Amino acid sequence: QVQLVESGGGLVQPGGSLRLSCTASGVNFSILPMGWYRQAPGKQRELVATITSGRSTLYADSVKGRFTISRDNAKKTVYLQMYSLRPEDTAVYYCNRAGNSFPSWGQGTQVTISS
């Protein structure tokens, strides 16, 4: 049974930074492409960053140059380092398999950017 647990969110001022973590269990983590998704109020969930098993990364245009995705296979954890945060980055952030997400999602972690 897949379990995904996100953490690290919070309230920060514009221009600030946060580091999100997501730990997976019940899966062969090291072979999976992983992604960070976010869902803002009233909007659809969107994929913002992906990392393959070989550590190749891709980013949505809206976060390119500001967010960095990484992974630690030994810890079965994927990270999202976020810099230069903007109010429009406010959302609940989730991780899941990239491209073909698992049906069950974690609870997410709330990121709020506000002065």
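Taking 30 Å as R0, compute the FRET efficiency from the Cβ-Cβ separation of residue 2 and residue 115 and round it to 0.05.
0.20
Just the accessible area per residue of the chain, please: how many Å² with a 1.4 Å probe? Mind dumping the intermediate values first?
Working: 5930 Å² over 115 residues.
That works out to 52 Å² for each residue.
Using a cut-off of 14 Å between beta-carbons, work out the net charge of the residues near residue 9 (Lys and Arg +1, Asp and Glu -1, residue 9 not included).
Details: positive: 19, 38; negative: 6, 89.
Local charge sum for residue 9: 0.
Note down the net charge around residue 30, summing +1 for each Lys or Arg and -1 for each Asp or Glu among other residues with Cβ under 15 Å from its Cβ. List each step's numbers first, then the result.
Working: positive: 55, 71, 75, 76, 97; negative: 72.
Charge balance in the 15 Å sphere: +4.
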#### Entry: Dipole of region 1-107, positive direction: furthest Cα of 73, 44, 15, with charges on the beta-carbon
73
### Summary
Output ordering of 42-49, 89-96 (per-residue mean of other Cβ within 10 Å, highest first) is 89-96, 42-49
### Query
Which length gain, in nm to one decimal place, applies between residue 46 and residue 64 when the Cα-Cα distance is subtracted from 0.36 nm times their residue separation?
5.1 nm
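Pop the C-beta distance of residue 107 and residue 11 into the FRET formula with R0 = 22 Å and round what comes out to the nearest 0.05.
Details: r = 17 Å, r/R0 = 0.80.
Rounded to the nearest 0.05, the efficiency is 0.80.
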### Query
Ordered by residue, what ³J(HN,Hα) values in Hz, to whole numbers, does region 56-65 give under the Karplus form 6.51 cos²θ - 1.76 cosθ + 1.60, where θ = phi - 60° and Gly and Pro are x?
6, 10, 9, 9, 5, 4, 5, 10, 4, x
### Query
Ranked highest first by average number of other Cβ atoms within 10 Å, how do 19-26, 103-110 line up?
19-26, 103-110
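The values are calculated or read from the model by the stated rules, or taken from the named source; none is laboratory data. These figures come from a predicted structure and were not determined experimentally. When we count neighbours, we look across all protein chains shown, and the Cβ atoms used for this are built from the backbone with ideal geometry, even at glycine. What goes into the accessible areas is simple: the full protein's heavy atoms, side chains included, and nothing from ligands, DNA or RNA. Shrake-Rupley method; radii C 1.70, N 1.55, O 1.52, S 1.80 Å.
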